[in-house]
Amino acid sequence: MKRGKVFVISGPSGVGKGTLCTELMKLYPDLAATTVSVTTRAPRPGETDGVHYYFRSDEEFDRMLAKDMFLETVDKFTHRYGTLFSEVERVLAAGKNVILEIEMIGGANVKKRIPDAVLIFILPPTLSALTDRIVGRGSESAEQIRIRQAQVETEFDQAKPYEYFVVNDELDLAVERVKAIIVAEGLKADACDVKKQYFGR
C-alpha cells in the first residue's frame, strides 16, 4: 500500500483556509483526511471539543508537550496550538493523505520532521479583502483586529518554505486548485519503483 502524504494548508488569519478545507473534504472525502488539533483557547460559538479542536488547559498542553506528543506547536495571540503526531501517523499508515490546517511556523516545523510534506499557502484576493473578512467574522475585538493586521506582513515572510500559492478569490475555484495539487502530488513516483511494479525488477 502506498503511504499517504501530508499537505499543509496555511495563510493569514481570515483568508478562509478553514472554509476551504471544510469544502474540500465535503466535496472530495476520499481525497484526504483531516486531523483535530489541540488548542488552549476557549471554544468559539458553535465549536465542539474533539470535532473542531481538542480544547485543553495550559497545564494539559504542557503535559502533552513533555511527552513529545506533538508533530508541531505554535504560540499565537496568547494561545497555543499543536498537531498530534499519533493522529497524523495513523492516517498516513492507512495510505491516506493528511490535510493540516496550521500556521506558517507550524508548517515549516512539519517540513523539518516530514521532508516530503507539501506546503500550500492560501492568499487573499487583496489585503483590504482580508481585513474585511476578519471584521465580518465578528469574533475579534478592535484591538485583536489591529494586532492581526500588523501580523499579516510577518506571516507572508514566513511563507518562504511553501511550494504552492493559491488565491482564495472564489471558494469553488480555490477548492479545485488545491484538489489539483493533491492529485498531482499523488501521481509523483520514482522511476525505479514504477519499473519494479511493472517488470518485477
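Please work out which residue is nearest to the chain's Cα centre (by Cα), limiting yourself to the stretch 100-118 and to residues that are closer than 15 Å to P12 by Cα and charged (D, E, K, R). So the residue we want is E101. The lone criterion from (1) under 21 Å from Q158 (Cα atoms); (2) under 11 Å from the mean Cα position of the chain (by Cα) left unmet by V36 is number (1). Whenever a residue of the stretch 87-98 is on the phi > 0 side of the Ramachandran plot, its partners that are at pLDDT 90 or above, lying with C-beta atoms within less than 6 angstrom and at least six residues away or across chains, give the pairs G95/G4. Scanning the stretch 7-37 for residues that are farther than 19 Å from L92 by Cβ, surrounded by 14 or more Cβ atoms within 10 Å (Cβ to Cβ) and of a type in the set (A, V, I, L, M, F, W, C) yields V15, L20. Within the stretch 54-81, residues that are without any contact (Cβ under 8 Å) to a residue 24 or more places away in the chain and hydrophobic (A, V, I, L, M, F, W, C) reach partners that are outside any loop (DSSP other than H, G, I, E, B) and surrounded by fewer than 13 Cβ atoms within 10 Å (Cβ to Cβ) with beta carbons closer than 8 Å, at six or more positions or on different chains, in the pairs F55/D49; M69/S86. Just one residue in the set F55, F70 is at pLDDT 95 or above and touching a Pro at 6+ places or on another chain (Cβ under 9 Å); that residue is F55. The set of residues from the stretch 1-58 being of a type in the set (S, T, N, Q) and more than 16 Å from F77 (Cβ to Cβ) comprises T19, T22, T34, T35, T48, S57.
The values are calculated or read from the model by the stated rules, or taken from the named source; none is laboratory data. The shown structure was predicted, so the numbers you read here are calculated from the model rather than taken from an experiment. Note that we place each Cβ from the backbone using ideal geometry, even for glycine, and neighbour counts take in every protein chain shown.
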